[in-house]
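The next block holds one structure in the form of structure tokens; read it before the comments.
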Amino acid sequence: MNSRSAERCTAAPLLRLPTACLRSTALFIFMAVIYGSQAVSSLRADHLIGFTELRTNLPGGRHANVRTMRAVVVKMDGSGRRLLADELANDADAWTQFAGWSPDGKIAIVGRGWQSPENAKWEEDHKTFRFSKEAYLYDSHLVDFASGKTTNVTAIDRVSNYNSGLFFWPNDPTKLGFTALINGNSHPFRMDRDGRNKIDLTKASKEFAYGFSCSRDGKRIAYHKSYQVYLADADGSNAVHVNTGKPFNFVPTWSPDGTWVLFLSGEHYNCHPHLVGADGTGLKKLADRGGYKGVIEFLDVFDFHQGSSDTPVWSADGKSIFYTAQVGKSVELFQGTLDGNAMQLTKSAVGVVHYHPQPSHDGKSIVYGSKRGGVRQLFVMRLGDRTETPLTNLKHGHAAMWPHWQPVTRR
């Protein structure tokens, strides 16, 4: 694998989230601990949020801290904290990351990574990633929340030693989607629920395809390939290139009604939320991030990967988006309408950075990260009156990242 591909295909969450406006990608992943429910909309107190917790200041570089990542689930009142599938991280150099839920909220998605210490040292010395089969393994597991049973669906009929971004295919309970790294390039895949019949949706491509998402009706997909956005049918056919005229286009996601696709467009470290219609027409810029590079550093020690992408997300009703932008010397949380109007939701002290917003499924609250006092904590805001409730109370040298609300359809 060449270093350019290596930079693009790993990272923080998730299944680490790709590093927005950065050459690298952080593949996936997601957060939250709750210490109060009085400001958490109308959701029930036993509603769950999953997140990833980790150390941030251990000496030894990136791997020394990444290997401390653990998938955690808590109730909204802060009780019932549970390490999820912790047995997957029994090896000294393995870790877990919380990456999502099934549509009914009964199954969690947990990524499990492992890297040899020798490979980690090589990466630190060369300041780039090296994903050899012998030295690196990342798989995506389905975890039955009630029983704790884990199923490694990406290991069945394995196509890669790096498999991330697993999701339940919308409107089809028999299918899953994920992204696999093959010969230095990333490919979006679809497979059966049991891990069989893996289909490469960009099989003939020799380019790096990432940011894979599917429309709510399950009929269309979107991804970026070599930092250009493509929209295609569910089987990968009839791909349409969205020509923005910009060199950097990143992580397209479908609106709830499938009418629009939201993504970042511009240049590395200078890209902004854009919309395009489902047919690839009607391109428009929604907001400007005011000089914000779009990257949140999740470690307090030197990280050659330089952090995790901070990308915009849809509101629950699809009528607006949430994103972060620079205001003075702080990075604040915004809500923007589809006609380009923006409302600043947070007003912080100098140097505070907000990141990774995720709206609740009832649309009344939003969970997000905020680095205050040197610690990356999680907060929930009730959107009706902007009441903010701290969700974590972590000590220095710890962080909670990449949150996921449990779908309310579990009821």
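Each value in this text was obtained by applying a stated rule to the coordinates, not by laboratory testing. Source: prediction; values computed, not measured. Here Cβ is always computed from backbone atoms with ideal geometry, including for glycine, and neighbour counts include all displayed protein chains.
One table, with the values for the structure above:
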read-out: For the stretch 100-116, Karplus couplings with θ = phi - 60° (6.51, -1.76, 1.60), whole Hz, Gly/Pro x; value: x, 10, 6, x, 8, x, 8, 10, 9, 9, 10, x, 10, x, 8, 9, 6
read-out: Eligible lysines near residue 364 by straight Cα distance, threshold 19 Å, same-chain separation 8 or greater; value: 75, 319
read-out: Summed residue charge, Cβ within 15 Å of residue 201's Cβ, Lys/Arg positive, Asp/Glu negative; value: +2
read-out: Cα gyration tensor shape of the stretch 170-229, rounded if a/c is under 1.5, else prolate or oblate by comparing a/b with b/c; value: oblate
read-out: Qualifying lysines (Cα of each under 16 Å from Cα of residue 203; at least 8 residues distant if same chain); value: 225
read-out: The chain: radius of gyration and largest Cα-Cα distance (Dmax), Å; value: 19.2, 52
read-out: Dipole magnitude of the chain about its Cα centre (Cβ charges: Lys, Arg +1; Asp, Glu -1), debye to nearest 20; value: 300 debye
read-out: The stretch 3-410: relative contact order in percent, alpha carbon pairs under 8 Å with at least 6 residues between; value: 17 percent
read-out: Calculated FRET value between residue 57 and residue 87, using beta carbons and R₀ = 30 Å, to 0.05; value: 0.70
read-out: Residue-averaged [θ]222 nm for the chain, counting only DSSP H segments that reach four residues, each worth -39500 (n - 2.57); value: -1500 deg cm²/dmol
read-out: Lys, Arg +1 and Asp, Glu -1 on Cβ, resulting dipole of the stretch 202-272 about Cα centre, debye, nearest 20; value: 120 debye
read-out: Rounded, prolate or oblate (a/c below 1.5 giving rounded, otherwise prolate when a/b exceeds b/c) for the stretch 274-404 by Cα gyration tensor; value: prolate
read-out: Spatial separation of Cα centroids for the stretch 338-375 and the stretch 166-227, in angstrom; value: 29 Å
read-out: Inter-probe distance in nm under a simple model that places probes 7 Å from Cα toward Cβ, at residue 269 and residue 193; value: 4.7 nm
read-out: For the stretch 298-313, Karplus couplings with θ = phi - 60° (6.51, -1.76, 1.60), whole Hz, Gly/Pro x; value: 9, 10, 9, 9, 4, 10, 5, 7, 6, x, 10, 5, 10, 9, x, 9
